[in-house]
Amino acid sequence: MLRDLVRETRLAVDDLVMPLFVAPEPLVNDALPALGRHTIDGLLREAEDLAAAGVPALLLFGVPEEKDDDATAAWVEDGLVQQALRALRPRFPELLLLTDVCLCAYTTHGHCGVVEDGEIANDATLELLARVAVSHAEAGADAVCPSDMMDGRVGAVREALDDAGFGQAAIVAYSAKYASAFYGPFREAADSTPAFGDRASYQMDPANVREALHECELDLAEGADVLMVKPALPYLDVIRAVRERFDVPLAAYSVSGEYAMVKAAAAAGHLDERRAALEALTAVLRAGADIVISYWAKEAASWL
């Protein structure tokens, strides 16, 4: 068809990253299947299906049973993500393994940083984030993805990785991560809802674009290899602005709320899920992203 021949933006499975949650016990989510939790064995089975479908990369999140104020389960050698990496790496050498580097799912209070006297302690958090990143690299991660939005965290992680001999490990920085209402289903899956307050003091104001460009510039100066905008669909203008300003790889995270809205609308018979999902993912690429992290990655691989 002539229409296909002149198409400007092409969505392919090679553009997609699948987020996965690893936990001590499985959790099935019938309404939102991609937001279920996997044991290590279940994760291996899911990775096998994804690799067979051609999905090139996974982004791993841990959901520990034990939490404390220092997020110990995030950086210990036998943590869930560390175990998952050691199980995945020899079996799936073809997969790119990315890991989320944050504290929210591992702390009793659910915030992304260390809390001191009711406030987020930025500098104290950096040491723990660096420790998490190194533990992931030691276990086999190809790239670490700091998502906490603390000031200076990319530089701290880069220095720690280099000092530990992991200069080849890439950093995918959540550079423009907004304080969004679209994270709800993720926080349920990751058990990471804040016990008090919100994350507006360290995540970005949804009204700001110029601030996003500044944050991206800072992360690149600190050693980021890939920039990221999160969420994706409500922030296409931000993706476009970042693309036009910076000639580096750009990821966008199509978050759980985006996935849930389309799933719910399709379940109610209001729209065709396949067409809507592929249109939304194509829009993210059209705006300028090179990589799309999406809960539709597995289904999209079969549709494409």
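The figures follow:
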read-out: Residues of the range 14-30 classified as farther than 27 Å from GLU66 by Cβ and either under 17 Å from the mean Cα position of the chain (by Cα) or part of a strand (DSSP E or B) (or both), total; value: 4
read-out: Residues of the range 237-257 that turn out to be touching a helix residue (DSSP H, G or I) at 6+ places or on another chain (Cβ under 8 Å), over 15 Å from ALA283 (Cβ atoms) and of a type in the set (D, E, K, R), as a count; value: 1
read-out: Residue that is modelled with the lowest pLDDT [pool: residues in the range 193-225 that are open to solvent by less than 50 Å² (accessible area, probe 1.4 Å), in a loop (DSSP other than H, G, I, E, B) and touching a strand residue (DSSP E or B) at 6+ places or on another chain (Cβ under 8 Å)]; value: TYR202
read-out: Lone unmet requirement of (1) within 19 Å of ASP142 (Cβ to Cβ); (2) in a helix (DSSP H, G or I); (3) open to solvent by less than 30 Å² (accessible area, probe 1.4 Å) for ASP100; value: (2)
read-out: Hits in the range 170-181 (condition: surrounded by fewer than 23 Cβ atoms within 10 Å (Cβ to Cβ) and either farther than 22 Å from LEU97 by Cβ or touching a His at 6+ places or on another chain (Cβ under 9 Å) (or both)); value: ALA179, SER180, ALA181
read-out: Subset of the range 280-304 [over 21 Å from TYR183 (Cα atoms) and open to solvent by 60 Å² or more (accessible area, probe 1.4 Å)]; value: ARG286, ASP290, SER302, LEU304
read-out: All positions within the range 20-73 that are modelled with pLDDT under 95 and acidic (Asp, Glu); value: ASP30, GLU65, GLU66, ASP68, ASP69, ASP70
read-out: Matching residues, the range 200-219, being farther than 25 Å from ARG158 by Cβ and acidic (Asp, Glu); value: ASP205
read-out: Matching residues, the range 31-82, being under 30 Å from ALA265 (Cβ atoms), part of a helix (DSSP H, G or I) and hydrophobic (A, V, I, L, M, F, W, C); value: ALA34, LEU35, LEU43, ALA47, LEU50, ALA52, ALA53
read-out: Residue in the range 144-151 that is more than 17 Å from the chain's Cα centre (by Cα) and polar (S, T, N, Q) present; value: no
read-out: Filter result for CYS145 (open to solvent by less than 10 Å² (accessible area, probe 1.4 Å) and modelled with pLDDT under 95); value: no
read-out: Odd one out for THR125, checked against (1) crowded, with 24+ Cβ neighbours inside 10 Å; (2) under 18 Å from the mean Cα position of the chain (by Cα); value: (2)
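This table checks each residue for (1) surrounded by 13 or more Cβ atoms within 10 Å (Cβ to Cβ); (2) in contact with a helix residue (DSSP H, G or I) (Cβ under 8 Å, 6 or more places away or on another chain).
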residue	(1), (2)
VAL6	no, no
VAL17	yes, yes
ASN29	yes, yes
LEU32	yes, yes
LEU35	yes, yes
HIS38	yes, yes
GLY42	yes, no
ARG45	no, no
GLY54	yes, yes
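The values are calculated or read from the model by the stated rules, or taken from the named source; none is laboratory data. This is a predicted model, so every value here is computed, not measured. Quick reminder, even Gly has a Cβ in these numbers, built from the backbone with ideal geometry, and neighbours come from all protein chains shown. Remember, those area values only see protein heavy atoms, side chains included, never the ligands or the DNA or RNA. Shrake-Rupley method; radii C 1.70, N 1.55, O 1.52, S 1.80 Å.
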